[in-house]
1. Just the residues that are under 13 Å from the mean Cα position of the chain (by Cα) and in a loop (DSSP other than H, G, I, E, B), please, taken from the stretch 115-139.
2. If you go through the stretch 186-198 one residue at a time, do you hit one that is modelled with pLDDT of 95 or more, open to solvent by less than 30 Å² (accessible area, probe 1.4 Å), of a type outside the set (Gly, Ala, Ser) and within 16 Å of ILE104 (Cα to Cα)?
3. Looking at the stretch 136-160 only, could you name the residues that are β-branched (Val, Ile, Thr) and touching a helix residue (DSSP H, G or I) at 6+ places or on another chain (Cβ under 9 Å)?
4. With the requirement that a residue be out of contact with any helix residue (DSSP H, G or I) (no Cβ under 7 Å at 6 or more places or on another chain) and either open to solvent by 20 Å² or more (accessible area, probe 1.4 Å) or closer than 16 Å to ASP65 by Cβ (or both), what does the stretch 102-121 give you?
5. Please work out which residue is most open to solvent (accessible area, probe 1.4 Å), limiting yourself to the stretch 133-184 and to residues that are among the hydroxyl-bearing types (Ser, Thr, Tyr) and within 27 Å of VAL94 (Cα to Cα).
6. Taking the condition of being in contact with a Ser or Thr (Cβ under 6 Å, 6 or more places away or on another chain) and surrounded by fewer than 18 Cβ atoms within 10 Å (Cβ to Cβ), how many residues in the stretch 10-53 meet it?
7. Is it true that some residue in the stretch 39-60 is modelled with pLDDT of 95 or more, within 16 Å of the chain's Cα centre (by Cα) and not β-branched (Val, Ile, Thr)?
8. Which one of PHE58, PHE85, PHE93 is open to solvent by less than 30 Å² (accessible area, probe 1.4 Å), farther than 29 Å from ARG165 by Cα and out of contact with any Gly (no Cβ under 7 Å at 6 or more places or on another chain)?
Amino acid sequence: MKRYVILISGRGSNMESLLDAGLPGTCAAVISNRPDAAGLAGAATRGILTAVIDHRDFAAREEFDAALAAEIERHAPDLVLLAGFMRILGDAFVRRFEGRTLNIHPSLLPAFPGVRTHAQALAAGVRLHGCSVHFVTPALDGGPIVAQAAVPVQADDDEASLARRVLAEEHLLYPRVARWFLEGRLQLVDGRARLAGEVPVAGALHAPRVG
């Protein structure tokens, strides 16, 4: 059975959706860069090993990356899932886990990389917003897109209301993509996300739930 680790920085709602999904693999650990991350307690109550690599304990990002990589490698994962992990990872770290690290981002990439994506979407006046799952590469939020989910932007939306609807889609999309990888169906091939026996799925879009 394949093994995966989840990296978090906060409440861990995407972590919970992954753990609730019955993925075909074992969650070997939940790791955070913040000792006060609420998701750590949630993981511990499920009997999952947790660890903290506090970025504030390191003078340089490279030192933090090395310590984080060492902790991840200790669990021998086939897959690393970033689930609200709010640290930019350096090139050496990314290359070390290239092809086996996924991230969920709250926008329809390549639109609105970085932070405050819902505010960016509202300011831009877009009609559709959503989330993307992508392979992690050195380019910030710029790795090959595996799949996306869209939600309509409503006339009375503010950041909070839009964020809630996008988060509901994140909780559906991320476990779906993680399952593809753990089943051996999803790979990073020549810089493209590919599903076994299918054409590249970069940019694939599915509709939001109805009702």
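The values are calculated or read from the model by the stated rules, or taken from the named source; none is laboratory data. Please read these numbers as outputs of a predicted model, since none were measured by experiment. Heads up, the Cβs are rebuilt from the backbone with ideal geometry, glycines too, and the neighbour counts pull from every protein chain shown. Ligands, DNA and RNA are stripped out before the accessible areas are found, and what is left, the full protein with its side chains, is counted by its heavy atoms. Shrake-Rupley method; radii C 1.70, N 1.55, O 1.52, S 1.80 Å.
1. VAL136, THR137
2. Checking the stretch 186-198: at least one residue is modelled with pLDDT of 95 or more, open to solvent by less than 30 Å² (accessible area, probe 1.4 Å), of a type outside the set (Gly, Ala, Ser) and within 16 Å of ILE104 (Cα to Cα).
3. So in the stretch 136-160, the residues β-branched (Val, Ile, Thr) come out as 136-137, 145-146, 151, 153.
Result: VAL136, THR137, VAL146, VAL151, VAL153.
4. Result: ASN103, LEU108, PRO110, ALA111, PRO113, GLY114, VAL115, ARG116, GLN120.
5. At the first step, the residues of the stretch 133-184 found to be among the hydroxyl-bearing types (Ser, Thr, Tyr) are 137, 161, 174.
Then keep just the ones that are within 27 Å of VAL94 (Cα to Cα); that gives 137, 174.
Numbers: THR137: 29, TYR174: 0 Å².
So, considering only residues that are among the hydroxyl-bearing types (Ser, Thr, Tyr) and within 27 Å of VAL94 (Cα to Cα), the one most open to solvent (accessible area, probe 1.4 Å) is THR137.
6. Of the residues in the stretch 10-53, 2 are in contact with a Ser or Thr (Cβ under 6 Å, 6 or more places away or on another chain) and surrounded by fewer than 18 Cβ atoms within 10 Å (Cβ to Cβ).
7. Step one: filter the stretch 39-60 for residues modelled with pLDDT of 95 or more, giving 39-60.
Subset that is within 16 Å of the chain's Cα centre (by Cα): 39.
Keeping just the survivors that are not β-branched (Val, Ile, Thr) gives 39.
Yes, that holds for at least one residue.
8. On the way: PHE58 fails: open to solvent by less than 30 Å² (accessible area, probe 1.4 Å); PHE85 fails: farther than 29 Å from ARG165 by Cα.
The unique qualifying residue is PHE93.
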